[in-house]
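In what follows, a single structure is set out as structure tokens and then discussed.
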2 protein chains.
Amino acid sequence: MGTFRLARRLRAEKSDDDLSDGQFSVLAALFTHGPHTLSSLAERERVSAPSMNRTVGFLEELGYLTRVTDSEDKRRVTITLTPSGTDTVKATVKKRDAWLTHALKALSPEDRATIADAAAIMQRMAER
Amino acid sequence: MGTFRLARRLRAEKSDDDLSDGQFSVLAALFTHGPHTLSSLAERERVSAPSMNRTVGFLEELGYLTRVTDSEDKRRVTITLTPSGTDTVKATVKKRDAWLTHALKALSPEDRATIADAAAIMQRMAER
DNA sequence: CGTAACTCATTACCCTCGCTAACTATTCCC
DNA sequence: GGGAATAGTTAGCGAGGGTAATGAGTTACG
């Protein structure tokens, strides 16, 4: 179960970010997959709706996203990245890559390729 | 950052266990690496001493391990798996493997090999 | 057409598990 | 012998997850 330990390690590494993993992950999802409703976000991140609601609320306060109630179905709320949110995603990706790329540089090209392949496979597994 | 999502997925999958990841991880460490002191366990799991202390306390209450103060250095405490703890490790490993092996069976042998290699590399990275 | 059932978001509250700070007991060393 | 260092522990905080309950809006149907 070294995966958990690596996750903890990664988490520790980006420490002086203002955003937690879950928070950033939401911004990233909005960035790569466009606007979502609350529940679709919750489902995508495999988290309960109330949890996602809190995360979204936090990100809204920071001005990274906006909630707009749908005009057709007023129960629904459309969550969209603000320009500031988009900037943050780009900046954070860059920052986070720093440690990883540093760590990856210490590996052989073969190892790097292995990691990349495995990442793709894991992605598919997680989305199953 | 699909790694976090996979970790969450794995976590969800073993849900009706009585042990959390961290708790099980401690038992597994004792199982594979033998008795530890509190601080060595904390360091191995990359967790603070108080956190590890709580986890160990919990596992002690369940009768999975014992604390014995060292006779030479009475500050130190030796933490050892009980037979019940050993059984639990074996049983839990078996149970946890179920979902993973199921998921892995859906992959091609090449993919499985990739995952295995990557796991080894990640292990090394996490322990750096 | 009106009401019952359902759906989406939200609020209230709790639990787990991480942390730091502070304390105790023991050992080290001068 | 007494101060510094070390191992474990206790106390208390915060982040982030969960479930239950509520409110508002929509849909189904008698």
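The values are calculated or read from the model by the stated rules, or taken from the named source; none is laboratory data. If you're wondering where the values come from, they're calculated on a predicted model, not measured in any experiment. We place every Cβ from the backbone using ideal geometry, glycine too, and count neighbours over all the protein chains shown. Remember, those area values only see protein heavy atoms, side chains included, never the ligands or the DNA or RNA. Shrake-Rupley method; radii C 1.70, N 1.55, O 1.52, S 1.80 Å.
Here segment A:19-127 exposes an accessible surface that is 55 percent carbon and sulfur, computed with a 1.4 Å probe and the other protein chains kept in place. Placing R0 at 30 angstrom, the Cβ-Cβ distance between residue A:119 and residue B:58 gives a FRET efficiency of 0.35 after rounding to 0.05. One residue of chain A places its C-beta nearer than any other to the axis carrying A onto B; that residue and its whole-Å distance are A:118, 2.
Remark: C-alpha extents of segment A:19-127 on the principal axes read 54, 28, 20 Å, sorted largest to smallest. Between residue A:18 and residue B:72, the C-beta separation translates, for a Förster distance of 35 Å, into a calculated FRET efficiency of about 0.15.
Loop-located trypsin sites (Lys or Arg not before Pro) in segment A:41-102 (DSSP state other than H, G, I, E, B) with a sparse environment of at most 12 neighbouring Cβ atoms within 10 Å: A:74, A:75.
In segment B:39-128, which GluC sites (Glu not before Pro) are in a loop and have at most 11 other Cβ atoms within 10 Å, using DSSP for the loop call? Display every interim value, and only then the final one.
Working: sites: B:43, B:45, B:60, B:61, B:72, B:110, B:127; in loops: B:45, B:72.
Listed in order of number, the matching sites are B:72.
Within a straight-line Cα-Cα reach of under 25 Å, residue A:105 can be paired with the following lysines, leaving aside sequence neighbours fewer than 8 residues apart in one chain: A:14, A:90, A:94, A:95.
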